[in-house]
Amino acid sequence: MSVASYDIIVVGGGVIGCAVARKLATHLNVLIIERKQIAAEATALAAGEITMAPSYTDSPSISDYANEFFRDYDGTGQFEFTERPSLELVPRDHEQEARRRVERLATDGVTVSFMEPDAVEADFPRFDLEEFVGVVKHQDTGFVDPYTFTMTLKDDAESRGATILTDTTVTGLRITDERVKGVETSSGTFDAPYVVVAAGWRTERFLRDHVQLPIRPYRTQCVVLDPNEDAGNEFPMGWIPGEHVYFRPEHNGDLLVGGWSFAEDDPEGASKSEDKAFRDHVANLIPRFLRGFERARFVNGWAGVDGATPDTHPIIDAPSDVPDGLVIASGFHGRGVMTAPIAATVVQSLIVGERCPFSRAPFVLSRFDSRSPDFEFHSISAGD
């Protein structure tokens, strides 16, 4: 019986798997294997924020690379990248720390500023900052529709020659003499000298026999509110330290509010619906800083599970102590959509040997002193 052979097999058809396949398919024979449908799980449930600049303030070359990709990719197929500033609302007890941070980041070349309440309300009239001393305003941010983005990457990958196999479960790696030879699946055996595992929180469990990974599942939530009055074309994105929420506008004038993220011990059985506690928290919080949301209508909500790491940054690496040819791309901690072009470029550099245009250091597995998946979960939606 013949076995299908490829140069690279990508396990996982979410945004990371599709971005990796698109990047590599120009010169290599790539197969994506997805247990369900493309973008069916965490990717489809993401908020779609592109906030690389505030997420990688210590590595501006990483955020610059990602932002340039999204600007260049805007208009490809049905994909659209909407640029909007992000506002970190500053409580009174955070003022001095926030001002010092802005000064330091601005000195380092980050496009950031501190805005007084009057200036914020003049630029964004829906805001009422009576409870806050101002905002930290980040430029170079925006948002996308995660599903459209991923399907555009998938279409590009296929047009470049990639093969996509859905409704197929990868049951194990094929390894001989400490070298990857391919995978075993519910549909048979596939050969390849390289396997990229981009299976979200499932990556840690899938690879337990080969490497220990400090990745644990966590559950995060989103709700969409209709303020009954369009929020406006210039409405910004933002978050509030300590409140476990972030927000961004929708193109139809609604407001998406996400967060309320906590470690999840039963990821397979976790509810896919938002919690009442989160809805109540949002209902009480939003009118405290946004005018006209007192009677906002609840449109819909959902919840999903992703993979977290101790420092909130992903693992994109081919560690020296795993079988040759195995590449890990997981633990994106809710930042998978925005980090997809970074992950694709790092994976290409690991497999093809091309020079990476930014440092890979933030993504190596060896940065962790402990690889235990039983670490204290840190929610990026907490905003502390």
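Assuming R0 = 51 Å, what is the FRET efficiency of R360 and E130, from their Cβ-Cβ distance, to the nearest 0.05? Mind showing how you got there, number by number?
Values: r = 45 Å, r/R0 = 0.88.
For R0 = 51 Å, the calculated efficiency reads 0.70.
The candidate values were [x] 63, 45, 37; [y] 70, 42, 41; [z] 159, 48, 40; the one computed from these coordinates for Cα extents along the principal axes in Å carries the label [y].
Note that the chain presents 42 Å² accessible area per residue, ligands and nucleic acids not counted, probe 1.4 Å.
Of the whole protein surface, H378 contributes about 80 Å² of accessible area at a 1.4 Å probe radius.
Number of Lys-Lys pairs in the chain with C-alpha atoms under 27 Å apart and a separation of 8 or more places or on different chains: 8. Approximating the spin labels as points 7 Å out from Cα along Cα→Cβ, the E95-to-S187 distance works out to 6.1 nm. Here r is the Cβ-Cβ distance between T166 and R291 and R0 is 30 Å; the resulting FRET efficiency, rounded to 0.05, is 0.10. Taking trypsin sites (Lys or Arg not before Pro) across the range 280-317, the ones in a DSSP loop with at most 11 further Cβ atoms lying within 10 angstrom of their Cβ are R295. Each Cα pair under 8 Å and six or more residues apart adds its separation to the average, and for the range 1-146 the resulting relative contact order is 27 percent. Taken along the Cα-to-beta-carbon direction at a fixed 7 Å, the label points for N233 and A283 span 3.4 nm. Between K36 and D275, the modelled label-to-label distance comes to 2.1 nm, taking each label 7 Å out from Cα in the direction of the beta carbon.
The values are calculated or read from the model by the stated rules, or taken from the named source; none is laboratory data. These figures come from a predicted structure and were not determined experimentally. Please note: Cβ atoms are built from the backbone with ideal geometry, for glycine as well, and neighbour counts cover all protein chains shown. Heads up: the accessible areas ignore ligands, DNA and RNA and are worked out on the full protein's heavy atoms, side chains in. Shrake-Rupley method; radii C 1.70, N 1.55, O 1.52, S 1.80 Å.
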